[in-house]
Each structure stands twice: as structure tokens, then as C-alpha cells.
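Sending over a structure as C-alpha cells; questions will come in a sec.
Any read-out appearing in this document is the output of simple, stated calculations on the displayed coordinates, not a laboratory observation. Every value quoted in this text rests on a predicted model; they were computed, and no experiment measured them. We place every Cβ from the backbone using ideal geometry, glycine too, and count neighbours over all the protein chains shown.
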Ligand code: BEZ
């Protein structure tokens with residue numbers, strides 16, 4: 001939000017707004033804001049939460065806005081879209097000349113120990129080592145190149161560790177895996193999953209469990225890029 005620094009009178013697009021929490025925060029700056037999300041259930045919830053704000057169902061890979069926005073903002077979403085060049089093209093098209101793209105998402109090495117524990121458990125149980133990772137976690141160089149090719153000038157970029165406490169106490173990592181990493185288990189029979197999850201927890205506990213709280217080893221990339 002600080003990097004976006006929205007101003008009154010500006011038009012801002014919140015790409016991947018979820019239930020609208022940050023869209024609402026942006027709107028307190030008096031900027032006009034539109035929240036979009038590909039999940040109709042999220043948009044329904046966002047509209048119920050913030051009936052005075054504008055929300056639309058839209059796919060980040062197929063944005064249809066044309067030079068409407070002073071800023072495009074996105075938090076914790078872009079790592080779910082494995083066709084980043086389509087997003088970047090749509091963001092470029094949505095921005096007015098001189099407009100800014102401000103985003104934070106998972107960067108290279110994000111949730112590294114969780115991914116490694118999942119892969120090890122799957123292989124140890126005799127399942128093939130295929131790539132089950134559903135995420136896009138680029139380096140700054142990779143993402144910067146993509147932005148620059150599209151005509152977005154990268155003026156700020158940082159990759160940083162952001163260990164994040166999880167809710168649910170002892171159940172925290174189990175619930176996180178069930179919610180976000182279920183693709184790793186797609187070929188594993190349900191009756192085998194519980195013991196695999198227990199093994200994964202044991203592997204992760206020394207690094208990620210402290211003071212009765214699990215911590216996800218998030219590593220985030222933050223960027224600001226300007227439409228030339
Ligand atoms: C995150 O970095 O916010 C994240 C990464 C993978 C799954 C869920 C969240």
C-alpha cells in the first residue's frame with residue numbers, strides 16, 4: 001500500500017482483490033478503485049463486504065481494460081497465474097501512459113522448505129517425481145525482463161524473506177497445505193495422505209514451528225514498474 005501511495009482523483013485497479021480487504025484500504029485515499037478477481041465467490045463476498053465499491057469477475061490473463069488506470073495493484077496473487085506474460089500484457093494495456101504497476105507476490109525460493117518436504121514425501125512414498133508445483137515464483141531478473149519487454153520500466157524491485165505466522169496453532173501447516181498445496185496430492189489415495197502429512201510436519205517442525213506457531217517460509221518479490 002505504501003508503494004502504491006494512491007492519491008485522490010486517481011483510478012486504481014486491484015488485480016486479484018479476493019474479498020476486497022485491500023480494495024477498501026485503497027479507497028480510503030479517495031482514489032476510485034475497481035477490484036477484480038477470477039473467482040465469482042470472492043467477488044460476491046467482496047460486494048457484500050463493501051457495497052459501495054466496484055468489483056468485477058475478470059481473468060488476470062485476459063484483461064480488457066484500455067488506458068483506464070493510473071495504477072494497477074496486486075497483492076499475493078500473481079504467483080497463482082502461470083502465464084505471467086498475459087497478465088503483464090493486460091496490465092500494460094490497462095494503464096494510462098506514465099501509470100504504475102505495483103505488485104507483491106511469491107518470488108524465487110518462496111515456500112522452499114514446504115515444497116521440498118512435499119516433494120520428498122511424495123517420492124519416499126513411491127510416487128513419481130513429476131512437477132506438481134502450481135506456482136510461478138520468478139527471480140527479479142526474470143520478472144524484470146518480462147516487464148521491460150512489454151514496455152513497463154522497472155524502477156523498484158526487491159526479493160526478501162517474509163516468514164509468516166499461520167493461524168490454527170498445531171494444525172497450521174497441515175491446513176495451509178490442504179488449502180494451498182492440494183495439487184501435490186492429486187495422484188495420492190486419500191487413505192495415504194494423512195500419514196504423509198504427518199511425515200511432512202515432522203520434517204518441517206524444526207525449521208517452521210516456533211512458540212506454538214507454524215511459520216510459512218514466504219519469500220516475496222515486490223516491484224514498481226512504469227508504463228513508458
Ligand atoms: C504466498 O506467497 O502468499 C503464497 C504462496 C503459495 C501459496 C499460498 C500463498
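Report the antiparallel proportion of the DSSP beta bridges in the chain as a percent, rounded to a multiple of 5. Please report the intermediate quantities before stating the final value.
Values: 20 of 38 bridges.
Roughly 55 percent of the beta bridges in the chain run antiparallel, per DSSP.
Let me ask another. When the expected Rg is taken as 2.2 N^0.38 Å, what fraction or multiple of it is the alpha-carbon Rg of the range 1-99? Walk me through the intermediate numbers first.
Working: Rg = 12.4 Å, N = 99, 2.2 N^0.38 = 12.6 Å.
Dividing the Cα Rg of the range 1-99 by 2.2 N^0.38 Å gives 0.98.
Say a paramagnetic label sat at a point 7 Å from the Cα of residue 112, along Cα to Cβ; which residues of the range 64-83 have their backbone N under 20 Å from it?
Counting only backbone N, you get 79-80.
So, one more: Nearest 500 deg cm²/dmol is fine: what mean residue ellipticity at 222 nm does the chain get from its DSSP H runs of n ≥ 4 alone, each adding -39,500 (n - 2.57), divided by its residue count?
Values: 7 runs with 79 residues, N = 228.
That comes out to -10500 deg cm²/dmol.
In whole Å, what three semi-axes, largest first, describe the equivalent ellipsoid of the range 106-228 built from its Cα gyration tensor (square root of 5 times each eigenvalue)? Each step should come with its number before you reach the end.
Numbers: eigenvalues 202, 65, 22 Å².
The three semi-axes for the range 106-228 are 32, 18, 10 Å.
Could you work out, for the range 1-58, what percent of all Cα-Cα pairs fall into each 5 Å distance bin, beginning at 0 Å and stopping at the bin that holds the largest distance?
Whole-percent P(r) values from 0 Å outward: 4, 24, 34, 21, 13, 4.
Okay, next question. With the crude spin-label approximation of a point 7 Å out along Cα→Cβ, what separation in nm comes out for residue 93 versus residue 190?
Between residue 93 and residue 190, the label points sit 4.2 nm apart.
Between helix 140-149 and the chain, what is the angle of the helix's C-alpha long axis to the longest principal axis, kept within 0 to 90° and rounded to the nearest 10?
30
Which angle from 0 to 90°, rounded to the nearest 10, does the C-alpha axis of helix 84-94 make with the longest principal axis of the chain?
20
With axes computed from alpha carbons, what is the tilt in degrees of helix 112-124 against the longest principal axis of the chain, rounded to the nearest 10 within 0 to 90?
40
On to the next question. How do 63-73, 15-25, 129-139 rank on mean C-beta neighbours within 10 Å, highest first? Could you put the intermediate results ahead of the total?
On the way: 63-73: 19.0, 15-25: 21.2, 129-139: 14.8.
Output ranking for 63-73, 15-25, 129-139: 15-25, 63-73, 129-139.
A further question on this structure: Testing the spin-label approximation: label points 7 Å from Cα along Cα→Cβ at residue 162 and residue 179. State their distance in nm.
Between residue 162 and residue 179, the simple spin-label model gives 1.6 nm.
OK, next. List the relative contact order of the chain as a percent without decimals, with contacts defined as Cα pairs under 8 Å and 6+ residues apart.
Numbers: 432 pairs, mean separation 48.2, N = 228.
It comes to 21 percent, rounded to a whole number.
If each residue of separation counts as 0.36 nm, what is the full-extension length gain between residue 5 and residue 140 once their alpha-carbon separation is subtracted? Please list the in-between numbers first.
Working: separation 135, 0.36 × 135 = 48.60 nm, distance 2.20 nm.
Working it through step by step, the gained length comes to 46.4 nm.
A further question on this structure: Using 10 Å bins from zero, what percent of all Cα-Cα pairs in the range 30-181 falls into each bin?
All Cα pairs considered, the percentages come to 9, 32, 33, 21, 5, 0.
Is the shape of the range 49-102 best called rounded, prolate or oblate, per the rule: a/c under 1.5 gives rounded, else a/b larger than b/c gives prolate, else oblate, with a ≥ b ≥ c the square roots of the Cα gyration tensor eigenvalues?
Details: a/c = 1.64, a/b = 1.11, b/c = 1.47.
Note, shape of the range 49-102 comes out oblate.
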